[in-house]
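The values are calculated or read from the model by the stated rules, or taken from the named source; none is laboratory data. Note that the structure is a prediction, hence the values are computed from the model and not measured. Note that we place each Cβ from the backbone using ideal geometry, even for glycine, and neighbour counts take in every protein chain shown.
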Amino acid sequence: MDSTEITVIGEGAVAAAPDVMRLHAGVEVRRRSAAEAFAEVRAAAARLAEALRGAGIADEDLRTTELSLGPEYDAYPQVSAYRAAQGVEAVVRDLARADQVIDVVAGVGEQARLNGVAFEVSDPAAALRRARDRAFADAAAKAAQYAELAGRGLGGVVSVSEQIEQGPQPLRVVAAMEDTRSVSPGRQTLTVVVRVGYRFR
């Protein structure tokens, strides 16, 4: 780096309320034959998809995430059963319906599996603009302080690069006395880290 320049790291974080839930679910069966296991899991997956559509999930918001079939052993090579599974990701765009969608999955029957949820902000652009403002201001304040400590004046910006980070998307259980919902999206932190190079005067 040129001795007439300084590079600093600025960070800006903004909390935003997620408005989309991704539900990871599926069906699983174990049967004595591979053909039986596969046929039953496909039928169960069709029932699950139909139930999700009935709960308001659009076709474009349903995605197959797993399709597997394989043997299970008591003691190799003795096959004890065949396991078949099919997974699906459902995008829930109306969080007020989240519990209903979860209940629909559970209602498919003993083959149903719930594998977790993730929350996200569907349009983070506005939050990221605020985070960039804060990150750049943080970098400018640091650069001004270092210039003062070095007994130099601070000139213009010569380089900028950024990194965007999304904070954890927690699943928070809510007590029944506080809310009738079983899941809550909480808040998601969007963070911008910016590397800014300044020229010394």
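Some notes on this structure:
- Residue-level analysis places Gly70 outside the set of residues that are in contact with a helix residue (DSSP H, G or I) (Cβ under 8 Å, 6 or more places away or on another chain) and either touching a residue at least 12 places away in the same chain (Cβ under 8 Å) or more than 22 Å from Val121 (Cα to Cα) (or both).
Quick grid of which residues meet (1) under 21 Å from Ala16 (Cβ atoms); (2) modelled with pLDDT of 95 or more; (3) aliphatic (A, V, I, L, M):
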| site | (1), (2), (3) |
| --- | --- |
| Ala127 | yes, no, yes |
| Ala135 | yes, yes, yes |
| Glu148 | no, no, no |
| Gly151 | no, no, no |
| Gly155 | no, no, no |
| Glu162 | yes, no, no |
| Arg195 | no, yes, no |
| Arg201 | no, no, no |
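- Count of the range 79-102 residues, restricted to those that are β-branched (Val, Ile, Thr) and surrounded by 20 or more Cβ atoms within 10 Å (Cβ to Cβ), is 4.
- The lone exception for Val41 - which of (1) of a type in the set (A, V, I, L, M, F, W, C); (2) crowded, with 17+ Cβ neighbours inside 10 Å; (3) under 22 Å from Val20 (Cα atoms) it fails: (3)
- Of the residues making up the range 127-151, those that are aliphatic (A, V, I, L, M) and under 19 Å from Gly197 (Cβ atoms) are Ala135, Ala137, Ala139, Ala140, Ala141, Ala143, Ala144, Ala147, Leu149, Ala150.
- For the range 79-87, the condition holds for no residue, the condition being that it is under 23 Å from Arg187 (Cβ atoms), in contact with a helix residue (DSSP H, G or I) (Cβ under 8 Å, 6 or more places away or on another chain) and in contact (Cβ under 8 Å) with a residue 12 or more places away in the chain.
- Residues (in contact (Cβ under 8 Å) with a residue 40 or more places away in the chain and within 17 Å of Ala112 (Cα to Cα)) located in the range 53-67: Gly54, Ala55, Thr65, Glu66
- The lone exception for Ala51 - which of (1) crowded, with 16+ Cβ neighbours inside 10 Å; (2) in contact with a strand residue (DSSP E or B) (Cβ under 9 Å, 6 or more places away or on another chain); (3) hydrophobic (A, V, I, L, M, F, W, C) it fails: (2)
- Output for the range 32-48, where each listed residue is more than 31 Å from the chain's Cα centre (by Cα) and assigned to a helix (DSSP H, G or I): Ala34, Ala35, Glu36, Ala37, Ala39
- Selection within the range 3-52 - charged (D, E, K, R) and in contact (Cβ under 8 Å) with a residue 40 or more places away in the chain: Glu5, Glu11, Asp19, Arg22, Glu28, Arg30, Arg31, Arg32, Glu36, Glu40, Arg42, Arg47
- The single residue among Ala98, Ala90, Ala81, Ala85 that is touching a strand residue (DSSP E or B) at 6+ places or on another chain (Cβ under 8 Å), assigned to a helix (DSSP H, G or I) and either assigned by TED's automatic domain parsing to the domain that holds Ala49 or small (Gly, Ala, Ser) (or both) turns out to be Ala98.
- Qualifying residue in the range 66-76 (condition: surrounded by fewer than 17 Cβ atoms within 10 Å (Cβ to Cβ) and within 30 Å of Ile164 (Cα to Cα)): yes
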